[in-house]
Structure formats: structure tokens, C-alpha cells
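Working notes, structure below.
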Amino acid sequence: MESTFDKSKPIAIGSDHAGYDYKEDLISFLEAKGLPFKDFGTHSNDSVDYPDFAHPVAKAVEDGDASFGILICGTANGVAITANKHKGVRAAIGWGEEITQLAREHNNANILCIPARFIREGDAEKMVDIFINTAFEGGRHETRVNKMSC
Ligand code: RB5
């Protein structure tokens, strides 16, 4: 099933130092697929604080300036917790193909958070591909997603 993401808008992508190498790989992946993206940093392996990158990515999704977001840190917990403070953001941690697919189908996740220190090379690309190309199922899942905000 094809996703309903607006492909005319950029994908917002960001990481801390632990996710930097994966972010650069994913940027090459998005470029090869001809998908527009906006890189919110970080731009090196130097130690940084993940909220400084998770907030701008989440804000781009919250404001509708990005179709969806990709965030990478060591565990994915820090970026996911930070991103989920933003209204309308549903940031899900993906560490495998099926859980990533279900994050779209059941939770209508709009930010994929990747744990760089707990996945194998190549997994991040596969998960992003699944995230982009999987649609929200709606129905009973929509009823549940509509109850998330507080
Ligand atoms: C950085 O060492 C690490 O704490 C960070 O990448 C992330 O795992 C935090 O949740």
C-alpha cells in the first residue's frame, strides 16, 4: 500500500552525533530516490545534545512544512521523547521492518526514530523505505489515534 505522505514537501531529517553516520547514509538514500529532504543536522561526529536537533525536525512536521520526519540517536529514546512533546507529532521508534510498518498502519506515525547503536547496517534504509511506502489503515486505528492528544 502506498503512503499518503505529501511527496511535494521535504522530509525533515536530523540526528545527534551517535546517529550522524546513519543520517548521512540516509541522505544519500533519499537523494538516490529523488526524494526532497531538509537536513537539520548535526553535521559531524562531535558530541551534541539530541533535543537541539529533534525539536527543529518535530517543529517542521508540526507546522506542516515537512511531509514527515526521520530522527536518529543512539537509542532513539531521546529523540522520540523530545519529538513527541510537539502537537500533532507521532514519533515511533523503529528497530525492524515489521514494527516500522505497524507504526504507519496502526499508529499513523509521522516521525521515524532510529536507534543507531542497536541496528545493523542497511536496516535504516529498509525501515525508511517501508515508512515512506506504507499507508495508515484508518478505521479502528483512527479512533485510537484520535484519542492520543491531551
Ligand atoms: C548519546 O550518547 C546518547 O545518549 C543519545 O544518542 C541517545 O541514545 C539518547 O537517548
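What follows draws every value from the coordinates through simple rules; no lab data is involved. Everything quoted here is computed from the prediction, not taken from an experiment. With ideal geometry, Cβ positions are generated from the backbone for all residues, glycine too; neighbour counts draw on all protein chains shown.
Past 20 Å, Cα to Cα: identify those pairs from 87/147; 59/87; 33/85; 7/147, in the order given. Before the final figure, lay out the partial values.
Numbers: 87/147 13 Å; 59/87 9 Å; 33/85 31 Å; 7/147 27 Å.
Result: 33/85; 7/147 exceed 20 Å.
Once the Cα atoms of helix 51-62 and of the chain are each reduced to a long axis, what angle between those two axes, in degrees from 0 to 90 to the nearest 10, is obtained?
It works out to around 30 degrees.
How high is the relative contact order of the range 1-53? Use alpha-carbon pairs under 8 Å, at least six apart in sequence, and give a whole percent. Don't jump to the answer; show the numbers that get you there.
On the way: 61 pairs, mean separation 24.7, N = 53.
Computed value for the range 1-53: 47 percent relative contact order.
Once you have a ≥ b ≥ c as the square roots of the Cα gyration tensor eigenvalues for the range 10-73, tell me rounded if a/c is under 1.5, and otherwise prolate or oblate according to whether a/b is larger than b/c. Mind dumping the intermediate values first?
Details: a/c = 2.74, a/b = 1.14, b/c = 2.40.
Judged from the Cα gyration tensor, the range 10-73 comes out oblate (a/c at least 1.5, b/c at or above a/b).
For the chain, what does the relative contact order come out to in percent, with C-alpha contacts under 8 Å and a separation of six or more?
Numbers: 305 pairs, mean separation 38.4, N = 150.
It rounds to 26 percent for the chain.
Tell me, in nm to one decimal, what length is gained between residue 4 and residue 121 on full extension, where the rule is 0.36 nm per residue of separation less the Cα-Cα distance? Don't jump to the answer; show the numbers that get you there.
Values: separation 117, 0.36 × 117 = 42.12 nm, distance 2.74 nm.
Roughly 39.4 nm would be gained on extension.
How would you order 89-97, 131-139 from highest to lowest mean count of nearby Cβ atoms within 10 Å?
89-97, 131-139
Please give the helix 20-32 orientation as an angle from the longest Cα principal axis of the chain, in degrees from 0 to 90, rounded to the nearest 10.
60 degrees
Could you list which residues have their amide H under 5 Å from that of residue 72, counting only those 5 or more apart in sequence or on another chain, with H placed in the peptide plane?
Hits under the 5 Å cutoff: 14, 15, 16, 114.
Sequence neighbours fewer than 8 away in the same chain don't count; with that in mind, list the aspartates and glutamates whose C-alpha is under 19 Å from residue 126.
Within reach: 2, 21, 24, 25, 31, 97, 98, 105.
Taking the beta-carbon count within 10 Å as an exposure proxy, list 99, 70, 130 from fewest neighbours to most. Show your work: numbers first, answer last.
Details: 99 13, 70 30, 130 21.
Final ranking by Cβ density, sparse to dense: 99, 130, 70.
Please work out the C-alpha center-to-center distance from the range 50-100 to the range 1-37 and express it in whole Å.
12 Å
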